[in-house]
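Worksheet for the structure shown next.
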Amino acid sequence: MTDHPITPCLWFNGNAEEAANLYVTTLGGAIHTISRYGEGAPFPAGTALTVAFELRGRAYQALNGGPLYALTPAFSLSVLCDTQDEIDRLWTAFLADGGMESRCGWLTDRFGLSWQIVPAILPDLFSSPDRAAAGRAMAAMMTMTKFDITALKAAFED
């Protein structure tokens, strides 16, 4: 048996290349290969069939598979952020041009991919031996759309 990595494949309806470019530009990474449809395919010749790309050292594949399937929040990408500025930057970039906010740090970008934009401190707050402080942080989180690190810390320390 060959030891190959498992690569998530994201299904798009004609805009896989545009999506991969946004993700690489926003998060850092690279597009490695693009295969393209030829004549007689379900999309115009030259449209990306697959886009192999990397985000923060992890491989992904975007597939222009057509309208048969759509991305859902049942699959999301979670990004841990060290600063509020990073949360704000990613939040703005992924909501641009038609993304939708959800709750508790979740959003869906204009391509339909769900993201969790999460402060890196959150797991530590929730796993604190001070269960009352962890509970206050959890209660604060449940009121948020986009995470506010200062407010989470304040609730924890209150």
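As a length-normalised measure over Cα pairs under 8 Å and 6 or more apart, the relative contact order of segment 1-139 settles at 20 percent. Each of S78, G65, A93 was scored by the projection of its Cα onto the charge dipole of segment 48-109, and the greatest displacement toward the positive side belongs to G65; charges sit on the C-beta of Lys, Arg, Asp and Glu. Between H32 and D88, residue separation times 0.36 nm minus the direct Cα-Cα distance comes to 17.4 nm.
Here the Karplus relation 6.51 cos²θ - 1.76 cosθ + 1.60, evaluated at θ = phi - 60°, turns the backbone of segment 60-68 into coupling constants of 9, 10, 10, 10, 8, x, x, x, 4 Hz, with x for every Gly and Pro.
Taking amide H as placed 1.01 Å from N in the peptide plane, L49 has its amide H under 5 Å from the amide H of S35, R36, Y37, each at least 5 places away in sequence or on another chain.
Work out how much length T145 to A133 would gain on full extension: take 0.36 nm times their residue separation and subtract the Cα-Cα distance, in nm to one decimal.
Length gained, T145 through A133: 2.3 nm.
If both residues of a DSSP beta bridge must be in the chain, then about 65% of such bridges are antiparallel.
Based on C-alpha pairs under 8 angstrom that are at least 6 apart in sequence, segment 71-158 has a relative contact order of 30 percent. I need the calculated FRET efficiency for the pair D3 and T25, taking r as the beta carbon distance and R₀ as 22 Å, to the nearest 0.05. Computed FRET efficiency for D3 and T25: 0.10. Sequentially through segment 42-57, phi angles give Karplus couplings (6.51, -1.76, 1.60; θ = phi - 60°) of x, 10, x, 3, x, 5, 4, 8, 10, 10, 8, 9, 10, 10, 6, x Hz, Gly and Pro residues having no value and appearing as x.
Here, each number is a calculation from the coordinates, and none is a lab measurement. None of the values given here were measured: they were computed from a predicted structure. Methodologically, a virtual Cβ is constructed for each residue, glycine included, from the backbone with ideal geometry; neighbour enumeration extends over all protein chains shown.
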